[in-house]
Ligand code: NBP
């Protein structure tokens with residue numbers, strides 16, 4: 001036994017993680033159901049480090065130093081269950097089995113509880129950054145016992161991405177499903193951020209008449225400021241790309257139906273269960289869904305919009321268009337702050353619900369590099385929660401609150417323009433509604449309560465007195481106290 005870590009499942013993710021461990025000086029046992037992949041890894045990348053290829057599960061387990069750290073990187077769902085069970089049979093108490101796939105956190109909780117009974121540590125970990133991140137440094141979000149982190153953590157810290165201040169983008173997120181929960185919310189935020197960027201593009205193109213290349217230039221300039229992020233950077237790249245066959249902008253030849261693998265949907269389903277409003281993430285999931293409903297779209301395609309063609313493009317003078325681009329930047333930034341605030345609300349709610357004790361600032365810290373939502377901005381979220389761990393919402397942070405206030409004129413102008421031009425901006429307008437909803441002195445929820453009491457005797461509370469009340473709507477309309 002000479003390997004400090006083992007990786008089973010050597011498709012793109014597993015192979016690149018194994019190489020990353022090896023390049024960092026670890027001896028890595030490698031295994032795959034189909035041996036050809038194991039052989040291929042050793043043939044192609046053998047010189048990068050020390051690999052111990054294992055032809056069977058028994059050989060794989062025997063190659064690992066104790067306590068064994070064994071990482072499973074196979075297809076999520078039933079294959080993951082099958083592989084975990086296979087290795088749990090061969091493992092011994094104290095060993096650590098890690099699932100680095102995209103598991104639902106409830107599955108991770110179930111698996112962790114079952115393995116804990118057998119004395120085996122189970123670590124469900126989020127890994128973000130795709131193929132390239134896995135090789136060069138991902139953001140890693142491990143859950144599980146503190147004891148498992150003691151043996152595994154130092155290795156993860158070596159292979160993880162580095163934040164600008166040099167610290168590794170991984171931390172012990174919390175017990176059982178905490179790591180996969182946080183990864184799920186990361187993906188939910190990613191959906192929201194991508195939707196907001198898509199809306200900004202759509203508005204700049206259809207309301208202001210900018211070309212994809214001009215929009216790429218605008219995005220590049222935004223990337224120098226507070227919106228500096230990986231997603232903005234790749235958006236500019238995609239917008240400058242030309243299709244080789246037709247010479248047209250790439251963005252114009254791609255079918256406009258956005259797909260999804262399910263983590264955004266999980267986030268929204270979980271938020272509904274927790275009773276938490278995350279409209280930024282929900283609107284993004286629904287916008288992707290709407291784009292894919294071709295039958296609904298073609299049935300509605302001839303519905304009238306505001307004015308006709310000329311109102312949409314070329315209607316703004318260059319000065320107006322430039323001013324509009326600034327307003328869109330403000331709207332994008334403010335809406336992004338709102339979406340991230342909702343993401344952190346969700347992490348807090350999950351942490352309370354499942355007793356995970358997640359450090360909200362450290363989650364921001366490990367997303368500063370390696371993952372898809374990496375951005376300069378995350379360091380500000382980190383310091384907001386580090387300075388005030390009890391911050392009830394990111395919007396209450398004085399810095400973010402000030403920025404939202406400053407952005408609101410541009411934000412409102414952008415949403416107004418979207419409505420006027422008939423360009424859908426559910427993310428930006430929903431974010432603004434959330435902002436206005438939270439800051440409202442009085443909400444029409446009071447009227448909703450009245451209606452509920454009218455038709456269902458659901459009762460209400462009063463602003464001026466303690467207790468539960470009901471009005472006898474069908475009778476003399478006197479107010480009574482049901483209890
Ligand atoms: P895939 O999700 O495509 O899975 C392929 C691997 O699963 C192969 O090693 C395959 O073995 C193995 N496998 C299957 Br399928 N069924 C198996 C079974 N019953 N028993 C044993 N092995 C089985 O690989 P991936 O794209 O590298 O992703 C791995 C995990 O990482 C997934 O959970 C994914 O959701 C997650 N993830 C992926 C990304 C990404 O960017 N791709 C990012 C973050 C997380 P074989 O070679 O014998 O067929």
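Quick notes on this one:
- Check on residue 351, over 20 Å from residue 207 (Cβ atoms), part of a helix (DSSP H, G or I), modelled with pLDDT of 95 or more and touching a strand residue (DSSP E or B) at 6+ places or on another chain (Cβ under 9 Å): yes
- Restricting attention to segment 27-38, the residues that are surrounded by fewer than 19 Cβ atoms within 10 Å (Cβ to Cβ) and closer than 12 Å to residue 15 by Cβ add up to 1.
- Considering segment 103-127, and only residues there that are out of contact with any strand residue (DSSP E or B) (no Cβ under 8 Å at 6 or more places or on another chain) and under 15 Å from residue 185 (Cα atoms), the residue that is farthest from the ligand (Cβ to nearest atom) turns out to be 106.
- Condition broken by residue 170, with the remaining ones in (1) within 13 Å of the ligand (Cβ to nearest atom); (2) at pLDDT 95 or above; (3) within 28 Å of residue 271 (Cβ to Cβ) satisfied: (1)
- Residue tally, condition in contact with a helix residue (DSSP H, G or I) (Cβ under 9 Å, 6 or more places away or on another chain) and free of Cβ contacts under 8 Å to residues at least 24 places away in the same chain, over segment 420-436: 1
- Across segment 2-19, the number of residues qualifying as touching a strand residue (DSSP E or B) at 6+ places or on another chain (Cβ under 9 Å) and within 14 Å of the ligand (Cβ to nearest atom) comes to 11.
- With respect to (1) closer than 26 Å to residue 267 by Cα; (2) surrounded by 17 or more Cβ atoms within 10 Å (Cβ to Cβ); (3) within 11 Å of the ligand (Cβ to nearest atom), the lone exception for residue 75 is condition (2).
- Looking only at residues of segment 42-72 that are out of contact with any strand residue (DSSP E or B) (no Cβ under 6 Å at 6 or more places or on another chain) and buried (at least 23 other Cβ atoms within 10 Å of the Cβ), we find that the one that is nearest to residue 153 (Cα to Cα) is 68.
- Residue 103, sole failed condition from (1) surrounded by fewer than 23 Cβ atoms within 10 Å (Cβ to Cβ); (2) in contact (Cβ under 8 Å) with a residue 24 or more places away in the chain: (1)
- Flag for residue 24 being farther than 12 Å from residue 70 by Cβ and surrounded by fewer than 23 Cβ atoms within 10 Å (Cβ to Cβ): yes
- In the set 42, 52, only one residue is under 21 Å from residue 135 (Cβ atoms) and either within 10 Å of the ligand (Cβ to nearest atom) or part of a strand (DSSP E or B) (or both); that residue is 52.
- One residue alone among 227, 204 is on the phi < 0 side of the Ramachandran plot and in a loop (DSSP other than H, G, I, E, B), and that residue is 227.
- Selected residue [at pLDDT below 95, under 29 Å from residue 431 (Cα atoms) and either surrounded by fewer than 19 Cβ atoms within 10 Å (Cβ to Cβ) or within 16 Å of the ligand (Cβ to nearest atom) (or both)] from 130, 179, 188: 130
- Summed over segment 27-39, residues that are in a loop (DSSP other than H, G, I, E, B) and under 25 Å from residue 66 (Cα atoms) total 2.
- Members of segment 57-88 found to be outside any helix (DSSP H, G or I) and either closer than 20 Å to residue 12 by Cβ or in contact with a helix residue (DSSP H, G or I) (Cβ under 9 Å, 6 or more places away or on another chain) (or both), listed by number: 67, 68, 69, 70, 71, 72, 73, 74, 75, 76, 77
- Members of segment 242-296 that are more than 14 Å from the chain's Cα centre (by Cα), in a loop (DSSP other than H, G, I, E, B) and closer than 20 Å to residue 182 by Cβ: 275, 276, 277
The values are calculated or read from the model by the stated rules, or taken from the named source; none is laboratory data. Predicted, not measured: the structure shown is a model, and the values here were computed from it. Counting neighbours? That spans all protein chains shown, and the Cβs are built from the backbone with ideal geometry, glycine included.
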